[in-house]
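J.: Input: one structure, supplied below.
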Amino acid sequence: MAATSFHQAIGTLQYSGCFSISNLNQENGNSSFRLISKGFKLSIPLLRTGTYCSRKNSFSNIHASTSQSTVFDPVSSSLNGMTSDSKKKSSEAALILIRHGESMWNEKNLFTGCVDVPLTKKGVEEAIEAGKRISNIPIDMIYTSALIRAQMTAMLAMTEHRRKKVPIILHDEDEQARAWSQIFSEDTNKQCIPVITAWQLNERMYGELQGLNKQETAERFGKEKVHEWRRSYDIPPPNGESLEMCAQRAVAYFTENIELQLQRGKNVMIAAHGNSLRSIIMYLDKLSSQEVIRLEPSTGIPMLYILKEGQFIRRGSPVAPTEAGVYAYTKRLAQYRQRLDEMFQS
Amino acid sequence: MMAATSFHQAIGTIQYSGCFRNSNLNQVNWNYSFQLISSGFKLDIALLRTGTYCSGKRSFSNIQASTSQSTVFDPVSSPSNGTKSDSKKKPSEAALILIRHGESMWNEKNLFTGCVDVPLTKKGVEEAIEAGKRISNIPIDMIYTSALIRAQMTAMLAMTEHRRKKVPIILHDESEQARAWSQIFSEDTNKQCIPVITAWQLNERMYGELQGLNKQETAERFGKEKVHEWRRSYDIPPPNGESLEMCAQRAVAYFKEQIEPQLQCGKNVMIAAHGNSLRSIIMYLDKLTSQEVISLELSTGIPMLYILKEGQFIRRGSPVAPTEASVYAYTKRLAQYRQRLDEMLQS
């Protein structure tokens, strides 16, 4: 009975911040993977393991480089020290993955790949919804692909974020771009969340299928071939990438760039695409190629991982403001909630 | 003039339902969004009879795929390739829409932004969508934006409201791989694309050492008069930054070399950019002096429409929002008809 009352009562609590009782500093979420069939909702004992830091802890700031000039580089070189809040364990960091929502070619059922197609109204709404779910999770750095639908998803999500820090997209396509985007105030710089765009996080390149609709493709290449390209691990479409090839460049980028930041305790958000995120999840969860083929990350629903003591722990998906979640309550607190709930209902 | 007043209420519902058959009704009046121009057009019906522009029902020239052997289709054809012109559309006429992006996260904090790539706030997102509603019926064949996300988002958000079926596609040519990876392999799909070209030349004026500073910090560091001078003069740049003149030089050059030829081919173009780069372009379109351009303040999120016709840029003000009434050039007979219809609807 206690479990059921959770579902209704918690809705209002979870967005009001973290609890001061330490074993309540846990957030459970619904798993948004189809591969995992059971949710976490009713399994209370599991919730007592692992914690992650909520927004009340202050997190390490991006340190300005300690040079004489007044120019501040939002991403300090890896060798500069960072200020860690003593409460935050520096071995723990949050990783948020968001797959962008509906694009204009999704709507038309066209193979998109690396063609730079923007979001539809629905995709915009999905991004904003995703933002609401992560609005309390501190973010220190953002990585996106080079495609507008992922960048917009990240920036739209951040319009919902409650932190005061402002995402700033870094430019280094040439010397002028770098020079022109410089920031000259240290205070402002500390309030920046660097956003790094990387083609390595792009969607899988679909080669000669890009722009074709499903029917055209079946006519041109034959249904079985198309099915094979879409669902196999290592067979690429003509002049395109296989999932294996996509995974190779996405995971390499992750391990060389993003993992380092997480190891330093920086909380990172990645806004990307179905195949590049799958590839990263394959690495985080140590999935086999068979498992990864069946993995379908939900669009617009953020996935949370914690890097703790060198291990990536999947935390499912932060619940939406309107969904109830389950906290690890002691029996006494559960009874308290139940009484409170009954009070509200009367 | 009684006929004129009744326009304001009655027209609201008509204007988004398409163009009228009667040719001298193919005119739309606009509210001015410039502070420089103090008198609006609302009651000046006589002026409305001059000039027309093509409305949404006409078909416009498509982006022609390049006629090469390969199956790769390049969404942007060179201007010398023939364009399919609809016989009704005069090829010398093209629409130019200018949109200044809305509130950014540093606008909200009152920080000098310049070329720092700061995204939109929730309000800026809403402004972009509102702008999109205003232009949802104006055909667009090409889109130009700056290299900064707040202008790009403004353009893409506005296009989510667009009623045409064509899909904006951002062109990539930063590297050979980027070009190769973004290729489209279906001719039909390609015809349904609106190429989006990003150009740093359309960026906001680069504010040099003021970027990231708040207004107070700056006044303390440099002195109030200096700051005022940099912000409001035509040719005095902030330290390591651009003057408005320098910004205008690169923005107008880009416009003349890249965008104007497209308009001359009859392509309808939308530019989503920033206060200073758009001012610079307007200075060129309207042949303003440097004194006039300094006092020009563009509204954010409100699109401005120009028509290129017979080599001249004609300002058409701002397309009205769906909820605003506007004035059409009615003949007296039609005005009386509208008035009776209006009275019918109200009873």
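The values are calculated or read from the model by the stated rules, or taken from the named source; none is laboratory data. Values in this document were obtained by computation on a predicted structure and should not be read as measured data. Note that we place each Cβ from the backbone using ideal geometry, even for glycine, and neighbour counts take in every protein chain shown. Accessible surface areas use protein heavy atoms only, side chains included; no ligands, DNA or RNA. Shrake-Rupley method; radii C 1.70, N 1.55, O 1.52, S 1.80 Å.
J.: I'd like the accessible area for B:S290, computed on protein heavy atoms only with a 1.4 Å probe and all protein chains in place. Round to 10 Å², please.
T.: 40 Å²
J.: What list of ³J(HN,Hα) couplings, whole Hz, do you get for region B:122-130 from phi and the Karplus terms 6.51, -1.76, 1.60, once you set θ to phi - 60° and write x for glycine and proline?
T.: Once θ is set to phi - 60°, the couplings for region B:122-130 become 4, 5, x, 5, 5, 4, 5, 5, 4 Hz.
J.: Local charge sum around A:A157 (other residues, Cβ-Cβ under 13 Å, Lys/Arg +1, Asp/Glu -1)?
T.: Value of the local net charge: +3.
J.: Now a separate question. With a 1.4 Å probe and every protein chain kept in, tell me what percent of the accessible surface of region B:216-272 is carbon plus sulfur.
T.: C and S fraction of accessible area: 46 percent.
J.: What net charge is computed for the residues neighbouring B:I236, neighbours being all others with C-beta under 13 Å from the C-beta of B:I236, Lys and Arg scored +1, Asp and Glu -1?
T.: So the surrounding residues net to -1.
J.: Also: Taking the Cα centre as origin and putting +1 on Lys and Arg beta-carbons and -1 on Asp and Glu beta-carbons, what dipole magnitude results for region A:157-289, to the nearest 20 debye?
T.: Numbers: 18 positive and 19 negative charges, 126 e Å.
Using only the charged Cβ atoms, the result is roughly 600 debye.
J.: Along region A:292-304, what does the Karplus equation 6.51 cos²θ - 1.76 cosθ + 1.60 (θ = phi - 60°) give for ³J(HN,Hα), rounded to whole Hz, x for Gly and Pro?
T.: 3J(HN,Hα) across region A:292-304, in whole Hz: 5, 4, 8, 7, 10, x, 5, 7, x, 10, x, 10, 10.
J.: Can you give the mean number of other chain Cβ atoms that lie within 10 Å of the Cβ atoms in peptide A:106-119?
T.: Mean shielding count: 5.
J.: With solvent modelled as a 1.4 Å probe, how much accessible area in total do chains B and A shield from it at their shared surface, in Å² to the nearest 100? Walk me through the numbers on the way to the answer.
T.: Working: alone 17020 and 17140 Å², together 30050 Å².
For B against A, buried area totals roughly 4100 Å².
J.: I've got another one for you. Could you tell me which GluC sites (Glu not before Pro) in region A:129-193 are loop residues by DSSP with no more than 14 other beta carbons within 10 angstrom of their beta carbon?
T.: Answer in residue order: A:E173.
J.: Scan around B:V167 for amide H atoms under 5 Å from its own, H built in the peptide plane at 1.01 Å from N, and keep only partners 5 or more places away or cross-chain.
T.: B:C193, B:I194
J.: Compute the orientation-averaged projected area for region A:100-189 from the convex hull of its Cα atoms and round it to one decimal in nm². Before the final figure, lay out each step's value.
T.: Values: hull surface 27.7 nm².
Mean orientational projected area (region A:100-189, Cα hull): 6.9 nm².
J.: Right, next: Give the value in nm², to one decimal: projected area of the alpha carbon convex hull of region B:268-314, averaged over all directions.
T.: For region B:268-314, averaging the hull's shadow over all directions gives 3.5 nm².
J.: With the calculation restricted to Cα positions, what are the radius of gyration and Dmax of region A:206-276 in angstrom?
T.: Cα only, region A:206-276: 16.0, 51 Å (Rg, Dmax).
J.: By the scheme Lys and Arg +1, Asp and Glu -1, what is the net charge of all other residues having a beta-carbon under 11 Å from that of A:M282?
T.: It works out to a net charge of -1.
J.: Also, quick follow-up: With θ set to phi - 60° and the Karplus curve 6.51 cos²θ - 1.76 cosθ + 1.60, what are the ³J(HN,Hα) couplings of region A:263-270 in order, to the nearest whole Hz, using x for Gly and Pro?
T.: Karplus values, whole Hz, x for Gly and Pro: 5, 7, x, 7, 8, 10, 10, 10.
J.: Kindly report the accessible area of region A:167-215 per residue (heavy atoms of protein chains, probe 1.4 Å, no ligands, DNA or RNA), in Å².
T.: Accessible surface, normalised per residue, equals 38 Å².
J.: Can you list residues from other chains, or at least 5 along the same chain, whose modelled amide H is less than 5 Å from the amide H of A:S103?
T.: Amide H neighbours of A:S103: A:T120.
J.: OK, next. Around A:L212, which amide H atoms from residues at least 5 apart in sequence, or from another chain, sit under 5 Å from its own amide H, with H modelled in the peptide plane?
T.: Those lying under 5 Å, H to H, from A:L212 are A:F111, B:F185.
J.: Once you place label points 7 Å from the Cα toward the Cβ at A:S232 and A:K190, how far apart are they in nm?
T.: Taking the simple label geometry, A:S232 and A:K190 are separated by 5.6 nm.
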